[in-house]
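Q: Just passing along the structure, written as structure tokens.
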Amino acid sequence: MELIRINCHKDILINDIGIERYNHSLRVMKVASELANRHDVNVEKAKIAAYYHDCAKFKSKTILLKRAESFDIIKNSIMEKNTELIHAPLSAEIAKKDYGIKDKEILEAIKNHTTGGRYMSKLDKIIYLADYIEPERNFPGVEIARKLAYEDLDKGMLFALDNTIKYLIDKKQLISTETVEIRNELLENLD
Ligand code: DGI
Ligand code: FE
Ligand code: FE
């Protein structure tokens, strides 16, 4: 039902985040819908979450910071120093406020899409992974991530988290506690 409304927001989204990021969201939407089918998750929820997952990745950093401030989003020094992380929780707030998305599971998946977080649902993992493996991503290891994501969500997540953590270490960047927490949780529960 909500899917019908999606097209209404196309022009605003393209204006806010740019056509390239908008097209990225459409690619994430396609992968998310395939993963949802594969792993028995509600396809419509996956599509909506994917469509709006980067809705707050504003081209203007001034707007990003202003809107983050209005929602009191910046909770820790990791986010303060890595403003890239702000767009995920902010996208959830804006999807709710500006685009009328009420579904808590969709909003949670949007919120968790960059760093992950504790107790991720299957929908959360699908959005995280679809974002990570959409067809235009071409970093070393992406083919393995694609294969794992279709076979087993948890193994796909572990691979993606490990890869991201290694990348952040190489770049001397801070690693968010959410990323470490979900990695530990998945490792502990691995069979
Ligand atoms: O918004 P997208 O580009 O589609 O993808 P995304 O939301 O996954 O953001 C990717 C960026 O987020 C990438 O530059 C790595 C960064 N990132 C992910 N986890 C962490 C992180 N950056 C820091 N500093 N710490 C993290 O834990
Ligand atoms: Fe993102
Ligand atoms: Fe994205």
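The values are calculated or read from the model by the stated rules, or taken from the named source; none is laboratory data. A quick note: this is a predicted structure, and the numbers were derived from the prediction, not measured. Every residue, glycine among them, receives a Cβ derived from its backbone with ideal geometry; neighbour counts consider all protein chains shown. Please note that ligands, DNA and RNA were not included when accessible areas were found on the heavy atoms of the full protein model with its side chains. Shrake-Rupley method; radii C 1.70, N 1.55, O 1.52, S 1.80 Å.
Q: Across the stretch 168-190, what is the number of residues that are assigned to a helix (DSSP H, G or I), without any contact (Cβ under 8 Å) to a residue 24 or more places away in the chain and either open to solvent by 60 Å² or more (accessible area, probe 1.4 Å) or β-branched (V, I, T) (or both)?
A: 5
Q: Does the stretch 84-92 include one or more residues that are more than 16 Å from ligand 3 (Cβ to nearest atom) and not aromatic (F, W, Y)?
A: No, every residue in the stretch 84-92 fails to be more than 16 Å from ligand 3 (Cβ to nearest atom) and not aromatic (F, W, Y).
Q: Output the residue which, of all residues in the stretch 31-42 that are part of a helix (DSSP H, G or I) and under 22 Å from G100 (Cα atoms), is least open to solvent (accessible area, probe 1.4 Å).
A: A32
Q: So is A145 in a helix (DSSP H, G or I) and crowded, with 22+ Cβ neighbours inside 10 Å or not? Even if it seems obvious, please write down each step before you answer.
A: On the way: in a helix (DSSP H, G or I): yes; crowded, with 22+ Cβ neighbours inside 10 Å: no.
No; evaluated as a whole, the condition is false for this residue.
Q: What do you reckon, is S77 of a type in the set (S, T, N, Q), modelled with pLDDT of 95 or more, away from ligand 3 (no atom under 16 Å from the Cβ) and open to solvent by 10 Å² or more (accessible area, probe 1.4 Å)? Explain how you work it out, then say what you get.
A: On the way: of a type in the set (S, T, N, Q): yes; modelled with pLDDT of 95 or more: no; away from ligand 3 (no atom under 16 Å from the Cβ): yes; open to solvent by 10 Å² or more (accessible area, probe 1.4 Å): yes.
Criteria not met by S77.
Listed here are the residues, each with its yes/no results for (1) part of a loop (DSSP other than H, G, I, E, B); (2) within 16 Å of ligand 1 (Cβ to nearest atom).
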| residue | (1), (2) |
| --- | --- |
| Y22 | no, yes |
| M29 | no, yes |
| E44 | no, no |
| D54 | yes, yes |
| L64 | no, yes |
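Q: Another question, then. Looking for whichever is in contact with a Cys (Cβ under 9 Å, 6 or more places away or on another chain) and in a loop (DSSP other than H, G, I, E, B) here; the options are Y99, Y119. Which one fits? I'd like the intermediate steps shown before the answer.
A: Details: Y119 fails: in contact with a Cys (Cβ under 9 Å, 6 or more places away or on another chain).
The conditions single out Y99.
Q: Within the stretch 114-130, how many residues turn out to be surrounded by 23 or more Cβ atoms within 10 Å (Cβ to Cβ) and farther than 18 Å from D40 by Cα?
A: Qualifying residue count, the stretch 114-130: 3.
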